[in-house]
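The values are calculated or read from the model by the stated rules, or taken from the named source; none is laboratory data. This one's a predicted model, so the numbers in the text were calculated from it and none came from an experiment. Don't worry about glycine lacking a Cβ; one is built from the backbone with ideal geometry, like all the others, and counts go over all protein chains shown.
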2 protein chains.
Amino acid sequence: MSELLEQMGTNARAAARSLASATAGEKNTALESMAQALLDREGTILAANREDTETAAAGGMTKAMLDRLSLSPERIAGMADGIRQVAALADPVGEIVDGGCRPNGLRIQKTRVPLGVVGIIYEARPNVTSDAAALCLKAGNAAILRGGKEAIRSNTAIAEALRAGLAAAGIHPDAVQLIPDTSREIANEMMRLHGVIDVLIPRGGAGLIRAVVENATVPVIETGVGNCHVYVDRAADIAMAVSITVNAKASRPSVCNAAETLLIHEEIAPRALPVIARGLKEAGVQLRGCKRTRDILSDPAVLPAAEDDWATEYHDYIMAVKVVPSLEAAVEHIAAYGTGHSECIVTDSHAAAERFTAAVDAAAVYVNASTRFTDGGEFGMGAEIGISTQKLHARGPMGLRELTTVKYIVYGNGQIR
Amino acid sequence: MSELLEQMGTNARAAARSLASATAGEKNTALESMAQALLDREGTILAANREDTETAAAGGMTKAMLDRLSLSPERIAGMADGIRQVAALADPVGEIVDGGCRPNGLRIQKTRVPLGVVGIIYEARPNVTSDAAALCLKAGNAAILRGGKEAIRSNTAIAEALRAGLAAAGIHPDAVQLIPDTSREIANEMMRLHGVIDVLIPRGGAGLIRAVVENATVPVIETGVGNCHVYVDRAADIAMAVSITVNAKASRPSVCNAAETLLIHEEIAPRALPVIARGLKEAGVQLRGCKRTRDILSDPAVLPAAEDDWATEYHDYIMAVKVVPSLEAAVEHIAAYGTGHSECIVTDSHAAAERFTAAVDAAAVYVNASTRFTDGGEFGMGAEIGISTQKLHARGPMGLRELTTVKYIVYGNGQIR
C-alpha cells in the first residue's frame, strides 16, 4: 500500500476516535467554523477553481460539465449555507434505537454511534467536497474524500478551508482529508483499505459504481443508478397520469429519480396515451414506443423502441413507452429492467395499489405521486449523502442516520452465563 | 458463469419474488412441514451422514471435528425443534419501521421487506443447513446454501427433506437450494453473483471470512471473529472480576464471544490478579502474561506473552494477561488488537463505565457482565444467523430483522415536484 494512504488512514482513524465522543454542540461549532472558513477563503477557492475550469475548457470539456465544475461567490455562499443547514439537523449519535431488560437483569441499549471512517469517491462537482464532509462530521465520522481530477485544485482549496475551520474549532483537522493524488491506482487502493475505511460511498455514474463494486474489499453502499418507471393502471385518473408522467420525466431529466419508461395498461391506453403523449411532447420529450404504442399514437415522431431502450437511463428528454396487458405484466417488466430505485403506479384501485406496492422491489414505491420525490430533503431528512439502490444498511435517500451504525451497550451487576 | 449457478440464481429470484408476498401463516405452515420432513426422513439423513463421517474418519478428521459433523436421531430432532422455534418467532416482514406525513400530504411508510436472495457459505456442521434455511424463509428470503465438502451428503439429504417440506406446504421449493458442487471455483463464482444474491453471509473461521471479503462483489456481512477483552478497572469488585473473567474465558472457549485477553489496572493488579489467576487456573486456563503480570504472579506456569498473543483468538483454555496503567491504556489496547466483537469492563465507577462504553468501538460493550452474552438468544432475538463484527447493516447478533431490508411506500393523491 502507498505510504500516502497508509498515513491518511492512520490519521483518519485517530480523528474518528476523538470525534466519536464529541458532543453535538462541539460538532455544530466546528461546522459553523467550516462554513465561515469557506467564506473567508472565497478568493483562494475561486482562483483555484479558475485554474481547474481553464484547464478543463482547454481540454475540451463540454459546456454542461464546465457549468458543474464552475464556482462563483454565490455557489461558495451556497456551500457554506449547506454546512449550516447540516449543523441545524438533529445529531443522530447517542439515539437509543431499541432496548430493554432481559430476564437475568441485563439492561441492553442498542445505541446509535458513528460508523468511524467514511470514504467518498466522486466525480466532477466540487461542492460534494463540502457537502460530504459536513454530513460525515455531523454523524461523528472522519471522511476520506477522493474527487475527480478535473476539480483537484478546487477540491484542495475547499478541503484546506474546511480543515482550517475544524482546527479553529479545536476539532482534529484529519476528520476531513482529501486524497491529493487523483490516479486510478490510488482510487483502487482506497477501495481495498479494509479495516481502515468502514464504508465506501461512490457518488457518480454507473461506470464508477461498477468499478467500486468490482474492486472494493471495503463495504460499499451503491448509489444513484435509476431506471425508474411510471405505470398507468387501467383505473388511473387520466389527468393525474399526465401530470405525474410529465413531472417524473421532464422536471429534471438528468437526475436519478427521473422516470425513463412509461408502462400503460392496454384497457386505458387508447384513451390515456394520446393525452399523456401530448403532455410529454409539450415538455419537449421524445418518445420511443412499442408497436402498440405506435399504433395508438400513429405519430411518425414516435420512434420504435428497441430492447435496449427498456434498460436505458436516458438522463435526457427521451421516454420509452410500452403498453402492457396487465398490472402483473408491468410488475414483471419492472423486475426485469428496473434498478430498484423509484417506481410509481397511477391508479384509483385500492387492490391495484396494494398489489403494486407489495410486488415491486425498489427503494421507493409510489402510489399516485411522482418518482421525483425520492430525495433526502423531500423525505424530511434535511440533507442526503446519496440514494442507495442496494438493500444492505441503507435503502433510498441516505441522511445522517444512514451514516451511523449501532453498538449494544449492556449493563449488568455481575451476570455470567 | 457456470450454467449450474446461473440456473440456481434464476430459480432463487423467482422463489424470492413469490415468498415476498407470503403471509406469516403460510411461512409458518411451511416451516412446520420442513420440520416434519426432517423427522420423516431421519433414516435417509442418518445414512447419508454415516457416509460423510466414514469418509472423513478415513481421511483423518480429528475427533472434535467428527463430533461436529455427526448426526444422531436426537440431533435431527433438535434441528426440527429449531425450525419450530423459528416458526414461533414474530414475522419481521411488514413491520412499519418509521413513517409520517410530509407537508405536501405525501404519506411515507418505511416498511420492512425481505432482502430477497441470501447466500450462506459455511463449513462442517450440517445443522447450519436447516437453521439458516429456516431463518431465511421466515424472513421471506430465498436461500442459496453452500456447505463444506465433508458434509455434502448430509447437507444434500437435509436440503432434499426441507425442499420436500416446502413443496408439501405449497411453497416454491427453490426457496431453499443447496449448491451440489463443493469446489472452490463454485464458491468464488457464488461470491460474484452481484444482482442475483442480495447479501452473502459467511459462517466459519477467519480464513473463510477473508476469502469472501477479498473475492465478493455481492455485499457481505462479516461474522464471528472475536478477540474479546475483559478489563478489570481499578474500581472493580474483585469477586465479580474473578467470576466474570472465568466465565468469559472458560465457560466455552471455542466460541467467538469468549474472552482472550485480560487487561487489569495497575492499582488493583497486586490484589486482584492473584485471585483471578487462581480462578482461571482452577478452570484449567493457562496464562500468558506481560512482564508486570509475571512479576506479580511469580508463577513459572505463567509464560511470557509475545506480541502475537495480543492478537490471537485462542479458541482454547489459554488467556493473555496485561497490566495497564489506566483505563485509557486499556481502551487503546482494545482499539489496537480487538476485532470489534464484545468487550467488558468490570468496575464500580460510574465515570469509568461511561468512558469505556463511549470509547470502545465494538458490537457489544459490557459493564459488569460476561462477554459470553453476545448471542441472539441471550439478546432476546430467539435465534441468530451469526454475529456481525462489521458496521454496515447489522452489528452484533443477527436475528430475523437483520435478514430484512426496508422499502419506502409513498402514498399521494397526485403530488408532483
If we scan segment B:357-368, do we find a residue that is closer than 19 Å to A:VAL113 by Cα, out of contact with any strand residue (DSSP E or B) (no Cβ under 7 Å at 6 or more places or on another chain) and not acidic (Asp, Glu)?
-> yes
May I ask you to verify whether B:GLU307 is more than 14 Å from chain A (Cβ to nearest Cβ) and either in contact with an Asp or Glu (Cβ under 8 Å, 6 or more places away or on another chain) or without any contact (Cβ under 8 Å) to a residue 24 or more places away in the chain (or both)?
-> yes
Over segment A:188-227, the set of residues farther than 28 Å from A:ALA14 by Cα and assigned to a loop (DSSP other than H, G, I, E, B) is A:GLY204, A:GLY205, A:GLY224, A:VAL225, A:GLY226, A:ASN227
Report those strands (runs of 3 or more DSSP E) wholly inside segment A:43-137 carrying at least 3 residues which are hydroxyl-bearing (Ser, Thr, Tyr).
-> none
Might you let me know whether segment A:290-302 holds any residue that is away from every other protein chain (no Cβ under 14 Å), more than 26 Å from A:ARG395 (Cβ to Cβ), at pLDDT 95 or above and part of a strand (DSSP E or B)?
-> no
Long-range neighbours under 8 Å by Cβ, at least six apart or interchain, first residue not assigned by TED's automatic domain parsing to the domain that holds A:VAL196 within segment A:111-123, second surrounded by fewer than 24 Cβ atoms within 10 Å (Cβ to Cβ) and at pLDDT 95 or above = none
Could you tell me which residue of segment A:160-171 is surrounded by the fewest Cβ atoms within 10 Å (Cβ to Cβ), considering only residues that are in a helix (DSSP H, G or I) and in contact (Cβ under 8 Å) with a residue 60 or more places away in the chain?
-> A:ALA168
Spans of strands (runs of 3 or more DSSP E) in segment B:319-404 with at least 1 residues crowded, with 24+ Cβ neighbours inside 10 Å and more than 11 Å from chain A (Cβ to nearest Cβ) = B:386-388
Residue check, A:VAL232 against (1) closer than 30 Å to A:HIS350 by Cα; (2) more than 14 Å from every other protein chain (Cβ to nearest Cβ), all met but one. Which one?
-> (2)
Selection within segment B:1-16 - crowded, with 16+ Cβ neighbours inside 10 Å and more than 11 Å from B:ASP174 (Cα to Cα) = B:LEU5
Hey, could you check segment A:196-207 for residues that are more than 12 Å from chain B (Cβ to nearest Cβ) and within 12 Å of A:GLY386 (Cβ to Cβ) and say which is surrounded by the most Cβ atoms within 10 Å (Cβ to Cβ)?
-> A:PRO202
Residues located in segment A:56-113, provided they are hydroxyl-bearing (Ser, Thr, Tyr) and within 30 Å of B:ARG401 (Cα to Cα) | A:THR111
Return a yes/no flag: does segment B:250-271 have any residue that is within 20 Å of the chain's Cα centre (by Cα) and part of a helix (DSSP H, G or I).
-> yes
Specify which of the listed residues (A:GLU260, A:GLU266, A:GLU328) is modelled with pLDDT of 95 or more, under 22 Å from A:GLY205 (Cβ atoms) and among the charged types (D, E, K, R).
-> A:GLU260
Taking segment B:347-373 and keeping only residues that are β-branched (Val, Ile, Thr) and either touching an Asp or Glu at 6+ places or on another chain (Cβ under 6 Å) or assigned by TED's automatic domain parsing to the domain that holds B:ARG210 (or both), one is left with B:THR347, B:VAL360, B:VAL365
Segment A:132-153, residues that are surrounded by fewer than 24 Cβ atoms within 10 Å (Cβ to Cβ) and out of contact with any strand residue (DSSP E or B) (no Cβ under 6 Å at 6 or more places or on another chain) = A:GLY148, A:LYS149, A:GLU150, A:ILE152, A:ARG153
Only one of B:ILE158, B:ILE152, B:ILE186 that is away from every other protein chain (no Cβ under 14 Å) and closer than 27 Å to A:ASP361 by Cβ | B:ILE186
Output the number of the condition that B:MET79 fails; it satisfies all remaining conditions of (1) in contact with a Gly (Cβ under 6 Å, 6 or more places away or on another chain); (2) under 30 Å from B:ALA24 (Cβ atoms).
-> (1)
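Report whether or not B:VAL406 is in the same structural domain as B:SER243 (by TED's automatic domain parsing), more than 14 Å from B:CYS256 (Cα to Cα) and either out of contact with any Leu (no Cβ under 6 Å at 6 or more places or on another chain) or not polar (S, T, N, Q) (or both).
no
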Write out, first by first residue and then by second, each pair whose Cβ atoms fall under 7 Å of each other, whose residues are 6+ apart or on separate chains, and whose first residue, in segment B:202-227, is on the phi < 0 side of the Ramachandran plot while the second is of a type in the set (Lys, Arg) and not in a loop (DSSP other than H, G, I, E, B).
-> B:THR223/B:ARG203
Considering residues that are over 20 Å from B:ARG153 (Cα atoms) and surrounded by fewer than 21 Cβ atoms within 10 Å (Cβ to Cβ), the number found within segment B:172-195 is 6
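Kindly evaluate A:ALA35 against the criterion of being under 27 Å from the mean Cα position of the chain (by Cα), closer than 23 Å to B:ALA358 by Cβ and crowded, with 20+ Cβ neighbours inside 10 Å.
Taking the combined requirement at face value, the residue does not satisfy it.
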